[in-house]
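The structure appears below as C-alpha cells.
Please treat every number below as a calculation from the coordinates, not as lab data. Since this is a predicted model, take the numbers as computed values, not measurements. Here Cβ is always computed from backbone atoms with ideal geometry, including for glycine, and neighbour counts include all displayed protein chains.
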Amino acid sequence: MKLIFERSKRGRGCSILPECDVPVVLPEGDRRERELHLPQVSETDVSRHYTELAKQTYGVNDGFYPLGSCTMKYNPKVDEETAALSGFTEIHPLQPVHTVQGSLAALAKAEELFCEVTGMDGMSFQPAAGAHGEFTGLLLIKAYHKSRGDLKRTKILVPDSAHGTNPASASMVGFTIVNIPSAPDGGVDLKALKQAAGEDTAGLMLTNPNTVGLFDRNILEITKIVHESGGLCYYDGANLNAVMGVARPGDMGFDVIHLNLHKTFAAPHGGGGPGSGPCGCKDFLIPFLPGPRVKQAEDGYRMSRMETSVGDVKAFYGNFAVVVKSLTYILMLGKEGVAEAACNAVLNANYMMRKLEDLYEMAYPGTCMHEFVMDLGKLKHETGVSALDVAKTLLDYGIHPPTMYFPLIVHEALMVEPTETESRETLDTVIAIFREVYRRAKEEGEKLHQSPVKAPIRRPDEVQAARKPVIRYEFTEA
Amino acid sequence: MQYPAELKYVKSHEWIRMEGDTAVIGISDYAQDALGDLVFVNLPEAGDSVTLGEAFGDVESVKAVSDVISPVTGVVKEINEDLLENPQRINEAPYEAWFIKVGEITEEEEYLTAEAYEAFAAEEAEG
Amino acid sequence: MGRFVVSTPEEQQEMLKSIGFQSFEELFADVPEAVRVKDGLKLPEGLSEMEAFDYLSSLAGKNQVFPHVFRGAGAYRHYIPAAVKRITGKEEFITSYTPYQAEISQGLLQSIFEYQTMMCELTGMDAANASVYDGATAAAEAAAMCIDRKRRNILVSATTNPEVIRVIQTYCFGSGNQLILVPEKDGETDPEALKNLLNAETACFYVQQPNFYGILEDYEALGELTHGCGAKFLMGFNPIAAAILKTPAGYGADIAVGEGQPLGLSLNFGGPYLGIMTATAAMMRKLPGRIVGQTVDAAGNRAFVLTLQAREQHIRREKASSNVCSNQALCALTAGVYLSVMGPDGLIQAAEQCTSKAHYLQEALAGAGLPLAFEKPYFHEFVTGTPAPAQIILERLEREGYLGGLPLGESKILWCVTERNTRKEMDELVSLVKEACGK
C-alpha cells in the first residue's frame, strides 16, 4: 500500500474553506522556518486511501475476536448514534453550567448506574482509559493514607499474574511493588499475602476473576487480610464482564475500582482508544475523587471541585462521548440484561474450553469464568510449534488470535475470551479451526513456523524495526 | 557456546576481565543466546557508581527486558557507546562487546572460572 | 429489554447441557454465596433501542448548542470537513483493537505511521508516539520524561492553560516530583523569574505557544535560559497555529506536546480529544505509549509494526516510565484524515484566517471600549478588559446564541476566533457587546 505521502502531487487538494472575509493580518514575530510537508491530495485520493487502509484492518465486525482480557464484544450501532447527537458533540466544555444540563444529567445517570453495578458510592469519569483509572484509584489510596497522617504505607501488593499496567500505575504514584505469588490453583497465595501485608501496606490491586480466568473463592478472606493490615483494596475492572450482575466488587470488600467502559460496556476500542476508565469508590474515599463533581441542586445540576480532591487527571470531564455510548448500552441492558451478558460470556468461554480440552492443555482446568488460558508448553516441547505459531496460523483461517503470552506466569499462554456476543455456530466453527490447527501442529509443525501465508503480509521483522527505528516517513526535497 | 578461559564469570551471567585496577564487564555467550536478538541496551554514564549485586543497566529484546547486574562495587570509568547504536554486537561477539569499565573497586563478587561457569550454565539450561 | 446476546434461551440451555451443566447457577459455583447479588441489581428495566435513543436525545436536547462560538481556552470549534467524519466512521477503524497482530492490522498501523509523520512535520521534531489522552496529560507525561535522579523539579509557566497546570500538579502528587510555577508578567512568562528559579535540580521548563492568553512569547530567550542550566525545554503547541508559526524544533525544544482536538475533533463537552507528543531523536526512547515503526516482512515487503515495546508497561512493568496502554488511536486517525483533506495550503489558510479574524474582532472590540489587555503579538485568542461586568456582556450574547469569550474574573474576557467565524457574525457580536455596555 502506498503511503498517503506517496500519493501526494504538488498542487492537488480539496476545497474546504471560503476566501477570507477580513483583511489578512498575521501576528508579529517568528514565522515557520521549514516547509510544511502534508499530503497534497484530492478528496478521491483521501477516500480511496483510507478505504484501502480500512480493508487491511480487522475489526469486531470482520469476525471472531477472542482477545483474552480485552472483551472484544459487539459494539451496538445505536451507541454511535447517541454519542453523535449534536446536542452532545457541539457542546464546549467551558459553557455556562445552565447550558450543559443534559451533559451533566448524563454523567449523573452514568454515575448512578455504574455505582449500582459495582457496589460503589461515587464515581469520576475523568480517567480516559483503564490504566488512567488505575492511576486515579491509587492516587485516592495515597491521599487517604496521607489524610490520616499514615505516611509509612508505601507498598502496593500485586499478584504476579497481574496486567503490566498495575505495577506501572503503582510506580507512577510513588509506591513500591510487592509481587504476591499465585497459588497452584491460580488464585492469590493466602500465606504469601498474610506475610506481605503489614503496616507498610498501602493497598492491594486485584482483578477478579483473575487474569487466568478464575474467580478467586477466597476473595472475602483476601480483602479482609488487607483491611486488617490497614491497607485498602483496589479492584481492576478489566474482567468485570464475567460477573456483572452476579457479584459486585463493593460486596467483595473492595474500596476503589476502575471500569473499562470500552471493554465491559461495549464502547468500541477504536484501534487502541479512546477508552474510558471511570474510577469508583466507597463513601469514605469520595472526598478524594478527581475533577469537578456533578451534584444535583434544586435548580439543576452543578459542578464543583473538592478541597480534598487528588486534583484533575485530565482536562475537563474525561472522554465524555465514550461515556454516552456506555450509558446507552447499560440503559438498554437494564436490570436483567447485565447479568444475562455475564452469564453468556461465561457460558461461551466454558463451551469452547470443554470442546478443546481433550487436545489443548488448559493451564487451569475446572470451570472458568469469561476466559480461559491454554498452555502450549507441552505442544511446543513435542512439536516445536509455539503459542506464537498457533496464533499466526489462526490468521490464515480469518480469525483474530487470542491474547498471546499473557499472563506471564504461563509461558506459552494463549488466552481466549469469546464474549457473549458470539453465536453457537461461530463457536463451533472456531472450535473446529483450533482443532485443525492442533492437528497440523502435530503433523506438519515445520509449516506453521511460516504462518500466516494468506494474510496481507507475512511475519514482520520486529528485530529490525526496534534496532534501527524508522518511525516517520522522510521526505526527499523536490 | 564459548567461555574463554582467561575471563571470570558470575552466576548472573556477566563476564569480567581485569585490566589493572579496572574491571571490564559484559554478558556471557550463554546469556546473549538465551535473550535472543538484542535491540537496545541502557547503560549508566561515566562517573556513576555501581553496586555489587545491583543492576547497572538493562538489555532489551523485542519482547523482554533483562537487568544487567554489576559483579563489583565501584565507579564507571567508561561505557561502550558503540553498543547504543549497534546492540547486535552483543549477539555477534559477546566477549568483545563489553558494556562498562569500572574502577575504584571496593568490593567484588566471588568469581567463577570458565569451567565452573560452563557447568553452571549447562545446569541452568537443563533446569 | 435490549439484548446483544446472540443465543436464544433454548440454545443457551442446550449449550449448558452439552458441557455438563444443568444451570447457569452451576457455572458460578466458585463465586461465594456471601458476595452474590441477591434479587438482581437495582437498575431500571432494560430499554428498547428506540427508547434508549429517545432518552439520550432528550438529554442532548437539554444542552444549549451555540450557533456562534467565540470561546476557546483549550477547546476549539473549527470547521470539520465532511470527509473526516465519513472516513473515520468506518467500522474497521472504530471496532478494531490495538494492532498487536501486525499481519491483519497493516491499515491501522500505517495510519498511525502517517500520523506520527504529520505530527513531526507540524513541530519539526524527530519522533512522535501514537498519542496519549489529551494535551494536558501529554504535558504531564512530557515532564515525567525529563526527571532523573538529580533533576526532579518541573517548572511550568503561569501563562499555561490552568487545565494543563492542574493535571501536571496531580501527576506530581503521584510521583513526588515538585511543580514550580514561573510567575507571569504582562501576560508572558517573566524571564527574570525563570532565571532565578532555574537550577541544577530543574528537570524541565514548560511553556505554551501560544499561551493561555493567546500570546506568542519570546520562546528563543526562554529556551536559551532553560538549556543554559541543563534543563529540558518543553513546548505546548497549537497544531493549527503550527502551520504558520516558528516550530518548537526551531526554538530548540526537546519535547513538543499539544492538544490535537483542533484537528478535526468535535468539542464533545471536553473529550475524547488527542494528546500529541513529539520529541528529539535523543529523547525518542523515553516517549510513553505506542510507537509504530517501519520494517519488512518475511517476503521482504514494507510492513509496519508496534515497535520499541520494551519501554512499555506490559514488558517493563513497575520500571516503565508510564502506565499508558489504551490511547486515543481513533482521534489520531481523525487528525491524520483532517490534515490529509486540508493539505498544507488548507491548513495554512485555516491558520491565517484564525489569526486575521481574531485581529479583526479585537480591533472592533477595542473600538467598542474593550481594550486589549496585553499589547503583545497573539494568534487567535486575546484578552480584553470590559467597561461593564463581563457577566452582563456574556449574558446578553448568550440570549442571541453567542457563546462569548471565557470570563477571567469580573472585568476581563478571553476571546477566541477561528476560521469558522464570519465577519457578519463578528459585526453582530460587536453590536451586541456595545448594547450590553450601554453604547
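When +1 charges are put on Lys and Arg Cβ atoms and -1 charges on Asp and Glu Cβ atoms, the dipole computed for the stretch C:312-373 relative to its Cα centre reaches about 340 debye. The spacing between the stretch C:26-48 and the stretch C:77-112, judged by their C-alpha centroids, is 37 Å.
The mean count of C-beta atoms from other chains within 10 Å of the C-beta of residues in A:319-327, rounded to a whole number, is 4. About the centre of its Cα atoms, the protein assembly as shown shows a dipole size close to 2180 debye [charges on the beta carbon of Lys, Arg (+1) and Asp, Glu (-1) only; nearest 20 debye].
Calculate the length of the line joining the C-alpha centroid of the stretch C:139-166 to that of the stretch A:83-129, in whole Å. Going from one Cα centre to the other spans 29 Å.
Over all directions, how big on average is the projection of the convex hull of the alpha-carbon atoms in the stretch A:133-172, in square nanometres? Could you put the intermediate results ahead of the total?
Numbers: hull surface 11.3 nm².
For the stretch A:133-172, the mean projected area of the Cα convex hull comes to 2.8 nm².
When only Cα pairs below 8 angstrom with a gap of at least 6 residues are kept, the stretch C:82-337 shows a relative contact order of 28 percent. Calculated translational diffusion coefficient of the stretch A:173-262 (25 °C, 0.890 mPa s; Stokes-Einstein with Kirkwood radius over alpha-carbon pairs) equals 183 µm²/s.
Peptide A:448-454 shows a mean partner chain C-beta count of 1 within 10 Å per residue C-beta. If I take every Cα pair under 8 Å that is 6 or more residues apart in the stretch A:335-463, average their sequence separation and divide by the length, what percent do I get for the relative contact order? Result for the stretch A:335-463 is 29 percent. When peptides C:354-363, A:355-364 are sorted by average Cβ neighbour count within 10 Å, with the highest value leading, the order is C:354-363, A:355-364. At a Cβ-Cβ separation cutoff of 4.7 angstrom, cysteine residues of chain C with no neighbouring cysteine are C:120, C:172, C:229, C:325, C:331, C:354, C:416, C:437. Each peptide in A:14-26, B:93-105 gets a packing score, the mean of other Cβ atoms within 10 Å over its residues, and the list from highest to lowest is B:93-105, A:14-26. Looking at the protein assembly as shown, the DSSP beta bridges with both ends there are about 70 percent antiparallel. D for the protein assembly as shown, whole µm²/s, Stokes-Einstein with Kirkwood Rh over alpha-carbon pairs at 25 °C and 0.890 mPa s: what number? Using the Kirkwood radius from Cα pairs, D works out to 82 µm²/s.
Okay, which of the stretch A:226-256 sit inside 20 Å, backbone N to the point 7 Å along the Cα-Cβ direction of residue A:179? Residues A:236 fall inside that zone. Packing order of peptides C:178-190, A:304-316, highest average first: A:304-316, C:178-190 (average count of other Cβ atoms within 10 Å over each peptide's residues).
Taken about its Cα centre, chain C carries a charge dipole of roughly 700 debye when the Cβ of each Lys and Arg holds +1 and the Cβ of each Asp and Glu holds -1.
What average number of partner chain Cβ atoms lie no more than 10 Å from the Cβ of the residues making up C:353-360? Could you put the intermediate results ahead of the total?
Values: counts 7, 0, 4, 8, 6, 3, 6, 6.
Whole-number average of other-chain Cβ neighbours for C:353-360 is 5.
Once both labels are positioned 7 Å from their Cα atoms along Cα-to-Cβ, the gap between residue C:399 and residue C:185 label points is 4.4 nm.
Nearest 500 deg cm²/dmol is fine: what mean residue ellipticity at 222 nm does the protein assembly as shown get from its DSSP H runs of n ≥ 4 alone, each adding -39,500 (n - 2.57), divided by its residue count? Walk me through the numbers on the way to the answer.
Working: 32 runs with 366 residues, N = 1044.
Mean residue ellipticity, 222 nm, calculated: -10500 deg cm²/dmol.
Counting other Cβ atoms within 10 Å as a rough exposure proxy, the listed residues B:49, C:175 run B:49, C:175 from fewest neighbours to most. Can you tell me, using C-alpha contacts under 8 Å and at least 6 residues apart, the relative contact order of chain C as a whole percent? Over chain C, the number comes to 20 percent.
When the Cα positions of A:174, A:202, A:227 are compared along the charge dipole of chain A, A:174 comes out farthest toward the positive end, with charges on each C-beta of Lys, Arg, Asp and Glu. Measuring r between the beta carbons of residue C:424 and residue C:224 and using R0 = 56 Å, the FRET efficiency lands at 0.80. With neighbours defined as other Cβ atoms within 10 Å of a residue's Cβ, the residues C:104, C:392 order from fewest to most as C:392, C:104. Per the Debye calculation on the stretch C:82-337 with a single equal scatterer at every Cα and no solvent contribution, log₁₀ I(q)/I(0) for q = 0.07, 0.12, 0.17 Å⁻¹ amounts to -0.23, -0.68, -1.29. Reported to the nearest whole Å, the Cα centre-to-centre distance from the stretch C:323-369 to the stretch A:218-238 is 48. Starting from the alpha-carbon convex hull of chain C, give the projected area averaged over all orientations, in nm². Averaged projected hull area, Cα only: 27.9 nm².
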